[in-house]
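Input: a single structure, listed below in structure tokens.
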Amino acid sequence: MKDQLGRLLTVTSPPQRIVCLVPSLTELLVDLGLEDRLVGLTKFCVHPKYLRSKKAVVGGTKTIHLDRVAALKPDFILCNKEENTPEIVADCNRIAPVYVSNIITFDDLFLLLSDLGELFQIEAKTQILTQSLQSKIAAFRSKTAHLQKKSVAYIIWNEPLMSVGGYTFIQTILELFNFQNAFARKPERYPIIETSDLKNLDLVLLSSEPFPFKEKHIRKFEQFTQAEVVCVDGEYFSWYGSRFLKAFDYFESLLTDIN
């Protein structure tokens, strides 16, 4: 099998001792019934909430304690191109087979689910999740396709002010809303922008992560733009595991609030 970077993995039997360094995928593994096989995770793996008290925490997503990972004797490590560094992947690969996910589009997500189904021999569960996601995506698209496009900035950081570019999963979600990302053509995935760039937009979305924007920040942004400014739950826009399945009720509510 190859991972989503085209790296060859040699896994001869379903892994029994998993270390996951990707918060959204930790939750996905639990929801796929693999909690008993999960031995290590990051301090940012906050869902389900009880999990960090039951499993070994090996560090963050950008900095890990390699000795802790090795001590867990994993036979499989799950990483992500964006969340983990190439150095982490290389170091972990000396301990156990490493699958690196790379999720930009919905098809990328479906491929990951297919690969996990094959690796862990849980194809029925991953197929059910895939079908459920496809159904919800199609239903939501049918509600947004006719809407007039809004020019949108999705803000993820405060100082410096950072938005989201085109080659991201968040961009895929914005397109699902039929939004026009004002910074989709920027070469950077997460471009630094100026407050003046927000002036002529229709909508500014302030994400709850990685910077914890809250309602108190709305007034500040309203000084720079005539756009509607709304705080949004960043997990529903960027967590591409099973949490995404739970996002659609939130999306429906958000769509009502901003239209």
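The values are calculated or read from the model by the stated rules, or taken from the named source; none is laboratory data. All of these numbers come straight from a predicted model, not from anything done at the bench. Cβ sites come from the backbone with ideal geometry, for glycine too, and all protein chains shown count toward neighbours.
On the stretch given as the range 32-65, residues that are surrounded by fewer than 15 Cβ atoms within 10 Å (Cβ to Cβ) and among the aliphatic types (A, V, I, L, M) total 1.
Going residue by residue through the range 235-242, is there one that turns out to be assigned to a loop (DSSP other than H, G, I, E, B), buried (at least 17 other Cβ atoms within 10 Å of the Cβ) and either assigned by TED's automatic domain parsing to the domain that holds Q127 or at pLDDT 95 or above (or both)? Yes, the range 235-242 contains at least one residue that is assigned to a loop (DSSP other than H, G, I, E, B), buried (at least 17 other Cβ atoms within 10 Å of the Cβ) and either assigned by TED's automatic domain parsing to the domain that holds Q127 or at pLDDT 95 or above (or both).
Please tell me if I103 is on the phi < 0 side of the Ramachandran plot, β-branched (V, I, T) and not in a helix (DSSP H, G or I). Judged against the criteria, I103 is a match.
For (1) surrounded by fewer than 16 Cβ atoms within 10 Å (Cβ to Cβ); (2) among the basic types (K, R), each residue gets a yes or a no:
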| position | (1), (2) |
| --- | --- |
| K81 | no, yes |
| P97 | no, no |
| I103 | no, no |
| L109 | no, no |
| L112 | no, no |
| Q121 | yes, no |
| T126 | no, no |
| Q131 | yes, no |
| F140 | no, no |
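Does any residue of the range 161-176 turn out to be assigned to a loop (DSSP other than H, G, I, E, B), over 25 Å from R7 (Cα atoms), of a type in the set (G, A, S) and modelled with pLDDT under 95? Checked the range 161-176: no residue is assigned to a loop (DSSP other than H, G, I, E, B), over 25 Å from R7 (Cα atoms), of a type in the set (G, A, S) and modelled with pLDDT under 95.
Of the residues V46, V39, V11, the single one that is touching a Pro at 6+ places or on another chain (Cβ under 8 Å), assigned by TED's automatic domain parsing to the domain that holds L116 and part of a loop (DSSP other than H, G, I, E, B) is V46.
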